[in-house]
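Report on the following structure.
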């Protein structure tokens, strides 16, 4: 392997490791946000969200670094400049040990992506269920509050309900 290929490979490995670390921290933040929601702690949710935004920005930068390192490695390995620098194209051109490192990192990143999606889906379902519960509660309160009040032995209606709820709020 040439010195240029070794440098590009080292950059690619570093970029993938950074991506993996950011993803792990993002998963921890997602779990923390779910716990904070369950604990009714909006301040903690807000703090965690700020951390997640920073990590997402780091991931975007890391993705660009990874793509650049993959292109540099592809060029150093002799692939035409216009061809896609996918790991599946690069690994067969690398020494076996280096190829295994790349594949192991890719496998971890894919597993982490699956875990992040599952965690996000669970959080979305929890929020949807919470919103549905809130809507049902407001509807029940509105129905009860808008019934005419009845008082006394004959249960005569005393008039229109005295409580006004803005159902559009």
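No lab work stands behind these numbers, since they all come straight from the coordinates. Only a predicted model underlies this, so the values are computations on that prediction, with no experimental measurement involved. Quick reminder, even Gly has a Cβ in these numbers, built from the backbone with ideal geometry, and neighbours come from all protein chains shown.
Calculated on the Cα set of segment 22-116, radius of gyration then Dmax: 17.8, 56 Å. Quick one: in segment 87-147, what % of C-alpha pairs are over 14 Å apart? I get 72 percent for the Cα pairs in segment 87-147 exceeding 14 Å. Between the helical axis of 42-76 and the dominant principal axis of the chain, each derived from Cα atoms, what acute angle in degrees is found, rounded to the nearest 10? The two axes meet at around 20 degrees. Against the chain, whose longest principal axis is taken from its Cα atoms, helix 96-145 shows a tilt of about 10°.
Each of 10, 88 has some number of other Cβ atoms within 10 Å of its Cβ, and from fewest to most they run 88, 10. In degrees from 0 to 90, rounded to the nearest 10, what is the angle of the helix 3-38 Cα long axis to the longest principal axis of the chain? That works out to roughly 10 degrees. When each of 77, 126 is scored by the number of other beta-carbon atoms lying within 10 Å, the sequence from fewest to most is 126, 77.
With N the number of residues in segment 17-60, Rg(Cα) / (2.2 N^0.38 Å) evaluates to 1.16. Convex hull volume per residue, computed on the Cα atoms of the chain, equals 151 Å³.
A straight line joining the Cα centroids of segment 125-146 and segment 45-96 runs 45 Å. First obtain the Kirkwood hydrodynamic radius of segment 68-117 from its Cα pairs, then insert it into the Stokes-Einstein equation at 4 °C and 1.567 mPa s, and state the resulting D in µm² per second as a whole number. Stokes-Einstein gives a translational diffusion coefficient of 111 µm²/s. Only Cα pairs under 8 Å and at least 6 apart count here; give the relative contact order of the chain as a rounded whole percent. Dividing the mean separation by the residue count of the chain yields 24 percent.
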